[in-house]
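Notes for the one structure printed next.
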Amino acid sequence: MKSFIFSLLGAAVIVAGFKLSPAPPIEVLFSPKGGIEKRVVQEINNASKKIIVEAYTLTNKNIINALLQAKKRNVNITIVLDGKYGVQSSEKYLTDLKDDLLIDSQESSHGGISHIKCIIIDDTLAMTGSFNWTGQAETKNHEDIFIITSQAEVKKLIDDAQKHIAHSTK
């Protein structure tokens, strides 16, 4: 009888352990048509405090609409785009977010472009990878995105974003 009770207790601990397991610190999605855009929009819709977007360009209408809705909910939005080319290709899509737009001017000091593609939501979740913030990235391109919830890794992305924000201009 004792061993039966201990077996039941052990099984209960194992089952409880599975129920309490945290989400994996990294999840990966792929496109085309692999749900990246839908997940990005979902996470933007879940934002309650702030969103930082770093991108070469931002023309995906569904993502832009989600950012606009977040702004209406008083979520603080910061968008940092490449100053050399990214702003030119994105300007007409971002007219309602122009007050939240920064231009990364770093290319003048290192000769390259700002090609990072990252969104940080409420300082707790980051999404980064090859996924360009365009409609074609979801429907035609082979892209990936890593969804990161590890606070140590999200903090690294926040720190990097802050460096870009510091040298960016309106």
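For the full complex of protein chains and a 1.4 angstrom probe, list F131, F30 by accessible area with the highest value first. Provide the component values of the computation, followed by the final result.
Working: F131 0, F30 110 Å².
Largest accessible area first, the residues go F30, F131.
Among the listed pairs K71/K98; K71/K163; K71/K140; K33/K61, a Cα-Cα separation exceeding 20 Å is found for K71/K163; K71/K140.
Summarising the amide proton neighbourhood of K117: residues at separation of 5 or more, or on other chains, whose placed amide H is nearer than 5 Å comprise G129. Amide hydrogen proximity for N60: with H placed 1.01 Å from N in the peptide plane, the residues at 5 or more positions away or on another chain lying under 5 Å are T134, G135. Backbone phi angles across the range 26-31, fed through the Karplus curve with coefficients 6.51, -1.76 and 1.60 (θ = phi - 60°), yield HN-Hα couplings of 9, 10, 10, 10, 10, 10 Hz in residue order; Gly and Pro are listed as x. Excluding same-chain neighbours fewer than eight residues apart, the aspartates and glutamates reachable from K156 by a Cα-Cα span under 16 Å are E54, D122, D123. Note on K140 and T95: with the Förster distance fixed at 22 Å, the Cβ-Cβ geometry gives a FRET efficiency of about 0.30.
D144 exposes around 40 Å² of accessible area when a 1.4 Å probe is run over every protein chain in place.
The values are calculated or read from the model by the stated rules, or taken from the named source; none is laboratory data. Given the structure is predicted, the values throughout are model-derived calculations rather than measurements. Every residue, glycine among them, receives a Cβ derived from its backbone with ideal geometry; neighbour counts consider all protein chains shown. Note: areas computed on protein heavy atoms with side chains; ligands, DNA, RNA excluded. Shrake-Rupley method; radii C 1.70, N 1.55, O 1.52, S 1.80 Å.
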